[in-house]
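Report on one structure; see the data block that follows.
The values are calculated or read from the model by the stated rules, or taken from the named source; none is laboratory data. In this text the structure is predicted, and so the values were computed from the model without any measurement. Glycine also receives a Cβ, built like all others from the backbone with ideal geometry; neighbour counts cover every protein chain displayed.
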Amino acid sequence: MKRAHRTAHLALWLILTPVIFLILIFAVLNQPEAPDNETLPAVLIEDSS
Amino acid sequence: MSHDYKAVQWTPFKKRFDLWLLAGIALYLTVFITIGGLAQPPGESIHPVQAIIRATGTLAFLLLTFVLCIGPLARLSHRFKPFLYNRRHIGVITFLIALVHSGLVIMWYHGFSDLNPLVSIFVSNPRYDSLSGFPFEVLGFVALLIMFLMAATSHDFWNANLGPGVWKTLHMGVYVAYTALVSHVALGAIQFNKSPVYVGLLAASAVTVAGLHLLTGIASRRTGGAANADGWLEVAPVSTMVDSRAKIVRPLKGEAIAVFRDGQQISAVSNVCRHQGGPLGEGKIVDGCITCPWHGFQYRMEDGQSPAPYTEKIATYATRIVDGVVFVNAEPNPPGTPQRPSQIGVDA
C-alpha cells in the first residue's frame, strides 16, 4: 500500500476503535431488565396489567 | 493482470473456493435454524422467518468479521494468502446475505405498516436522542448501503476507471460499515437477547478486527532508518534472504522497497503494485516474475515491467552486497528502468 493510504488506514482505525468499544461497553451496561414496552400504546399496557 | 479493463480471471481455484464457501453458508444456515428451533423454551416457538432473520444476520456479521481479518492476517502469515485472492467474492456474498436479512426484516417488522416500509424503518422509532433506545435498524441500513457501494464497485472496471487511489479510499468505507454494524447489533440484538454468547461473539469480533488492524497498521509504519551518506539502506544479510521471497525496506521518505532474492540474484522494486497498491514484497517470484499477493499482477525482476501483453511498470532500485549484507539505494529509477541484479558470491 502507498504510504498515504497506510497512514489514512491507521488514522481511521485509531478513531473507530474507541468508538466501537465505547458503544459496546455502553450497550452491555445498559441492557434493560425487562422488555421495553414504551412503544406500545398506553391502552394495551393498561389492559395487560 | 489487467489489459483493457479485463477483470480478475475466474480460475478453477476460485470456482472451487466459491463452491466450498456456498456449501459452508448452507451448512451454517441449516444448523443455526435447526438448533434455534430446538433450543426454544417449552411452550414457545419461533417463526421460520424470524429464524432465518437471525441466521442471516449472524452469518453476515461473522463473514464481515472474517473479511476484515483477511488483510492483516495475510500480512502476518502466508497461509492466509489464498483468502486474499478470494476476498472480493466473500465480500459480495456477505452483502447478498445481509440483503436477505434486511429484506426479511423490512417485510416481517415493517411490511404491515401504513407507511412505506422503507420510511417506517426511519420513523417507527423516533428516539434518535437516546443512545439506549436508538433506532438500531437505521444503523443496519447505513451498513447495508455502504456494503452495496463496495459490492457494486468491486469489479476491476471501477478500479481501472476511478484509479487505484480513489478506489482504495472508497473501499475503506467498509470499516465505517463494520462500526455501524457493531453498533446495530449492540443497540439491537444485545438489548433484546441477554445471552452471554451474543455479547461474547460481538466483543471477540471487535477485539480481533480492531486489534489486527491497529497491530499491522503500526507495524507497517516502522521505517528502516535513514540511508547512509551515499543513499544506501541496509536490507539484511544474504544468508537470511529466502529464495523467491523479499525483504521490505521502508525509507524515511518515499514508498517502501521490496528486495527480492531469486536464486543467486538480488533485485529491488517498488513495494506498491500498480493494480490496487498491493504489497509486492509480501508476494513471491512465480515463473521468473514478481507476483503480487493480492491479485496476481506480475513484474519482471530486471526492469519492473509486466510481461507482454501487459504494460504496467514499477520503479526499480540499485542493489549491492557488501561483506555478505544486502544494501539498496533509496533513490528510485523511473518505472520500467532496467537495473542489473546483484550476484550473490560475485558482487559480495
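Rundown of residues vs (1) of a type in the set (Ser, Thr, Tyr); (2) farther than 20 Å from B:GLY173 by Cβ; (3) touching a Ser or Thr at 6+ places or on another chain (Cβ under 8 Å), yes/no style:
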position: B:VAL119; (1), (2), (3): no, yes, no
position: B:SER124; (1), (2), (3): yes, yes, yes
position: B:ARG127; (1), (2), (3): no, yes, no
position: B:LEU131; (1), (2), (3): no, yes, no
position: B:PRO135; (1), (2), (3): no, yes, yes
position: B:LEU139; (1), (2), (3): no, no, yes
position: B:ALA152; (1), (2), (3): no, no, no
position: B:LEU162; (1), (2), (3): no, no, yes
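For the range B:48-66, the criterion of being at pLDDT below 95, buried (at least 18 other Cβ atoms within 10 Å of the Cβ) and assigned to a loop (DSSP other than H, G, I, E, B) is satisfied by no residue at all. Inspect all residues belonging to the range B:190-198 and state whether any of them is aliphatic (A, V, I, L, M) and more than 11 Å from chain A (Cβ to nearest Cβ). Scanning the range B:190-198 turns up at least one residue that is aliphatic (A, V, I, L, M) and more than 11 Å from chain A (Cβ to nearest Cβ). Just one of the listed residues (B:ALA186, B:ALA180) is more than 9 Å from chain A (Cβ to nearest Cβ) and either farther than 18 Å from B:GLY133 by Cα or not β-branched (Val, Ile, Thr) (or both), namely B:ALA180. Picking from residues in the range B:259-312 that are at pLDDT 90 or above and among the hydroxyl-bearing types (Ser, Thr, Tyr), the one that is nearest to A:HIS9 (Cα to Cα) is B:SER270. Is at least one residue of the range B:285-299 β-branched (Val, Ile, Thr), crowded, with 22+ Cβ neighbours inside 10 Å, more than 19 Å from the chain's Cα centre (by Cα) and over 18 Å from B:LEU233 (Cβ atoms)? Within the range B:285-299, one or more residues are β-branched (Val, Ile, Thr), crowded, with 22+ Cβ neighbours inside 10 Å, more than 19 Å from the chain's Cα centre (by Cα) and over 18 Å from B:LEU233 (Cβ atoms). Return a yes/no flag: does the range B:174-191 have any residue that is surrounded by 14 or more Cβ atoms within 10 Å (Cβ to Cβ) and within 18 Å of B:ASN86 (Cα to Cα). Within the range B:174-191, one or more residues are surrounded by 14 or more Cβ atoms within 10 Å (Cβ to Cβ) and within 18 Å of B:ASN86 (Cα to Cα).
Considering only the range B:253-279, state which residues are among the β-branched types (Val, Ile, Thr) and either facing chain A (nearest Cβ under 10 Å) or at positive phi (or both).
B:VAL272, the sole residue that qualifies.
Listed by first and then second residue, the pairs with beta-carbon distance under 7 Å, at least 6 apart or on different chains, first residue in the range B:152-164 and surrounded by fewer than 16 Cβ atoms within 10 Å (Cβ to Cβ), second of a type in the set (Gly, Ala, Ser), are B:HIS155/B:ALA7. Any residue at all in the range B:206-216 that is more than 10 Å from chain A (Cβ to nearest Cβ), closer than 25 Å to B:THR58 by Cα and in contact (Cβ under 8 Å) with a residue 60 or more places away in the chain? Within the range B:206-216, one or more residues are more than 10 Å from chain A (Cβ to nearest Cβ), closer than 25 Å to B:THR58 by Cα and in contact (Cβ under 8 Å) with a residue 60 or more places away in the chain.
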